[in-house]
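Enquirer: Attaching a single structure in C-alpha cells format; questions to follow.
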C-alpha cells in the first residue's frame with residue numbers, strides 16, 4: 001500500500017509541475033541591435049578606410065534572457081542626411097558600408113559624415129579644438145529576425161579627413 005501511495009504522489013507531483021507552466025512560454029519580446037566598435041556617447045563611427053564596426057543582434061525573450069541571433073538576421077540600411085560637403089550620402093551597398101553575415105560593417109566609401117561644431121564663444125566663431133563632432137549624415141541601420149525589427153542605430157562614416165577640423169580626422173576615433 002505504501003508503494004502505491006508513493007507512486008501516486010510522484011505521479012501527481014509530476015503532473016502538477018507540468019501543468020504549472022502551461023500557458024507561459026519564453027517567446028521573443030524584442031530585438032536589440034548593439035555595436036562594440038568606435039563609439040562616442042552612443043553615436044557610432046567607421047573611422048578610416050577599411051575600418052570596421054561589429055554589429056550584434058540579440059533576441060530578447062520575455063524571461064529576460066538574450067540570445068545572439070546576428071548570423072540569422074538581415075540588416076536594412078538607409079542613408080540619412082549628407083556628407084560634410086552637403087552632398088547626399090551614397091546608397092547602401094557592397095561599395096559603401098557593407099555588412100557581412102556576421103554583422104561586420106566596413107567603411108569603404110570615401111566620405112565624412114561629421115563636422116566640427118563652431119565655437120561661438122570666440123569672435124569670429126572658429127571650429128572647436130578639440131573637435132566637437134556633429135553628424136551631418138549617417139547610415140540608419142536596423143536588424144530583422146523572425147518578424148521582429150530592432151531599434152535603429154545611426155552610424156557615421158569618417159573615411160576621409162575633415163575639411164574644417166583644425167586637427168584633421170573625421171568624427172570620433
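Just so you know, all these numbers are worked out from the coordinates, no wet-lab data involved. Since this is a predicted model, take the numbers as computed values, not measurements. Note that each Cβ is placed from the backbone with ideal geometry, even for glycine, and that neighbours are counted across all protein chains shown.
Enquirer: Run the numbers for residue 167 and residue 132: contour at 0.36 nm per residue of separation, minus the present Cα-Cα distance, in nm.
Expert: Additional length available on full extension: 11.5 nm.
Enquirer: Which peptide among 25-32, 61-68 comes first, and what is the full order, when sorted by highest mean count of other Cβ atoms within 10 Å?
Expert: 25-32, 61-68
Enquirer: Please work out the FRET efficiency for the pair residue 61 and residue 36, using the Cβ-Cβ distance as r and a Förster radius of 25 Å; give the result to the nearest 0.05.
Expert: Once the sixth-power term is evaluated, E becomes 0.70.
Enquirer: Mind ordering 150-163, 95-108 by average Cβ neighbours within 10 Å, highest first?
Expert: Listed from highest to lowest mean packing, they are 150-163, 95-108.
Enquirer: Grab the Cα-Cα distance for residue 100 and residue 160, subtract it from 0.36 nm times how many residues apart they are, and report the gain in nm with one decimal.
Expert: Computed gain between residue 100 and residue 160 is 19.4 nm.
Enquirer: I've got another one for you. Determine by what factor the alpha-carbon radius of gyration of the stretch 46-173 differs from 2.2 N^0.38 Å, reporting the quotient.
Expert: With N residues counted in the stretch 46-173, Rg over 2.2 N^0.38 Å equals 1.21.
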